[in-house]
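The next block holds one structure in the form of structure tokens; read it before the comments.
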Amino acid sequence: MDFVPVNEPLLDGNEKKYLCECIDTGWISSEGPFVKEFERRMSQTVQRRYGISVTNGTAALELAVRALEIGEGDEVIMPAFTIISCASAVTRVGAVPALVDSDINTWNMKIDEIERRITSKTKAIMVVHIYGLPVEMEPVIQLAKKYDLKIIEDAAQMHGQTYNGKPCGSFGDISVFSFYPNKHVTTGEGGMVVTDNEELAERCRSLRNLCFRNDIRYVHDELSGNYRFTNLQAAVGLAQLERLDEFVKRKRKMGKYYTEALKGVDGLKLPMEKTEYADNIYWVYGIVLEPYISVTNREMCKKLAEAGIGSRTFFWCMHEQPVYAKKGYFQGENYVNAERLARKGFYIPSGLALTEKQMERVVIQIKRIMNELCHSAKADRV
């Protein structure tokens, strides 16, 4: 029986045509015409004036932090439950992440905990939209205005998602996207910074390209890296972007199927279908095991793998990362909901190339496994 992968991208549009054009013309580097066109189309899609393509989403975050001149001793408020790229972008410049817990239903940062983390050292709020639903942005925007803070919006997982009808990626002083293979728009690897601020855009372009001086090439007043994006990547991205609306509909259809098929299965907490401000986009279809289920998400993923089903655990909390413990960060800090998500959350196959037959197999195996686990849990309680 074939293994059902946790993600498989859909590449049956104009990807091959545009790649052949790159090869035929010889434009394969960062100087090629597809790069500018992809930046223009992507920024236009999320209603921003400028788009700066980079090597990946992590690089986009790092450029965003540096462009805002966040540095030694500054603080950036962010969720405890997120990917380490968010925290590392801050700590690499000597700044400090100030963490807040997650909402157990949306999986996003708890908005009502942000204000108490604001100090005289706070420079920005990093909003990270997690897995399918966006952060409630209006209260964050009000706090940022009240305390004169910048907003870094991580919309890496939110291609095509909106908050109150406005595109995710349009709310930050500077916002970022990722184009990793499991994203709605993929370029294999890749990312983008978007903004409406011309100075920030120019700053990101300089940081992307080794900080060459404008007047004398190969002379540098500061250090950066090479984060350039290639014409080959942009060609694939443009073909993907042409189908974004189709991909969003496809993802939501998958989410609806899983929700209807798994609703009522004991031991599972399924993702919220909607909030007052957005319908779930189901970047991935995440599930959280109820506390009375004895296994962890890692053990659950192992059981699924044995049944031929790919899956992946949720992010691990920032305050529990060994690398930060060694550096003395987050000592004595606890975030109950984030910890539960990290230990009990996992997501199942939900890539764009997933078929209905594959989804049926996934559901059958989850129901079987959960029936065994719930039976065991009931026996333990007797």
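The values are calculated or read from the model by the stated rules, or taken from the named source; none is laboratory data. Everything numeric here is computed off the predicted structure, so don't read it as measured data. Cβ: placed from backbone, ideal geometry, glycine included. Neighbour counts: every protein chain shown. Please note that ligands, DNA and RNA were not included when accessible areas were found on the heavy atoms of the full protein model with its side chains. Shrake-Rupley method; radii C 1.70, N 1.55, O 1.52, S 1.80 Å.
Brief remarks follow.
- Solvent-accessible heavy-atom area per residue, rounded to whole Å², over the range 147-273 at 1.4 Å: 43 Å²
- Mean-position separation - Cα centroids, the range 152-190 and the range 196-262, in angstrom: 9 Å
- Expressed as a whole percent, the accessible area of the chain that falls on carbon and sulfur atoms is 48 (1.4 Å probe).
- This model, with +1 at the C-beta of Lys and Arg and -1 at the C-beta of Asp and Glu, gives the range 52-155 a dipole about its Cα centre of some 200 debye.
- The relative contact order of the chain comes to 23 percent, based on Cα pairs under 8 Å that sit 6 or more residues apart.
- Distance violations [Cα-Cα > 29 Å] among LYS110/LYS263; LYS183/LYS303; LYS36/LYS256; LYS16/LYS251; LYS145/LYS249: LYS36/LYS256; LYS145/LYS249
- Checking the cross-link pairs LYS344/LYS367; LYS150/LYS326; LYS302/LYS367 against a 21 Å limit on the alpha carbon distance flags LYS150/LYS326 as lying beyond it.
- Judged by the mean number of other Cβ atoms found within 10 Å, the most tightly packed of the peptides 65-75, 342-352 leads the ranking 342-352, 65-75.
- Each peptide in 235-243, 25-33 receives the mean, over its residues, of other Cβ atoms within 10 Å, and ordering these scores from highest gives 235-243, 25-33.
- Cα-based helix-to-principal-axis angle, 57-67 vs the chain, degrees rounded to 10: 50 degrees
- Computed over the chain, the per-residue total of -39500 (n - 2.57) for DSSP H runs of n ≥ 4 gives a 222 nm mean residue ellipticity of -12000 deg cm²/dmol, rounded to 500.
- Difference of contour (0.36 nm per residue) and Cα-Cα distance, SER120 to ASN14: 33.1 nm
- C-alpha long axis of helix 198-208 to longest principal axis of the chain, angle in °: 80 degrees
- When +1 charges are put on Lys and Arg Cβ atoms and -1 charges on Asp and Glu Cβ atoms, the dipole computed for the range 90-244 relative to its Cα centre reaches about 320 debye.
- Note on the chain: dipole from Cβ charges, positive end direction compared against TYR50, TYR227, SER102; the farthest Cα belongs to SER102.
- With all protein chains modelled, accessible area of CYS20 [1.4 Å, Å²]: 60 Å²
- Placing +1 on each Lys and Arg Cβ and -1 on each Asp and Glu Cβ, with no other charges, gives the chain a dipole about its Cα centre of roughly 680 debye.
- Efficiency of FRET from Cβ geometry, GLU276 and GLU333, R₀ 41 Å, rounded to 0.05: 0.85
- Nearest 10 degrees, 0 to 90: helix 356-381 Cα axis against the chain principal axis: 60 degrees
- Summing Lys and Arg as +1 and Asp and Glu as -1 over all other residues whose Cβ lies under 15 Å from the Cβ of ASN164 gives a net charge of -3.
- Computed from the C-beta positions of GLU242 and ASP24 and an R0 of 25 Å, the FRET efficiency is 0.80 to the nearest 0.05.
- Gain on full extension, evaluated as 0.36 nm per residue between SER294 and GLU306 minus their Cα-Cα distance, stands at 2.5 nm.
- Of LYS110, LYS357, LYS166, the one that fluctuates the most in a GNM where the chain has Cα springs shorter than 10 Å: LYS357
- Percent RCO, i.e. relative contact order, over the range 13-149, from Cα pairs under 8 Å lying at least 6 residues apart: 18 percent
- Taking a ≥ b ≥ c as the square roots of the eigenvalues of the alpha-carbon gyration tensor, the chain is classed oblate because a/c is 1.5 or more while a/b is no larger than b/c.
- Averaged per residue, the range 11-144 has 41 square angstrom of accessible surface, using a 1.4 angstrom probe with ligands and nucleic acids left out.
- Local electrostatic count, LEU11, Cβ distance below 15 Å [Lys/Arg +1, Asp/Glu -1]: -1
- Full-extension gain in nm, ASP112 to LEU223, via 0.36 nm per residue minus C-alpha separation: 36.1 nm
- Global geometry of the range 43-156, whether rounded, prolate or oblate, following the gyration tensor of its Cα atoms and the 1.5 cut on a/c: rounded
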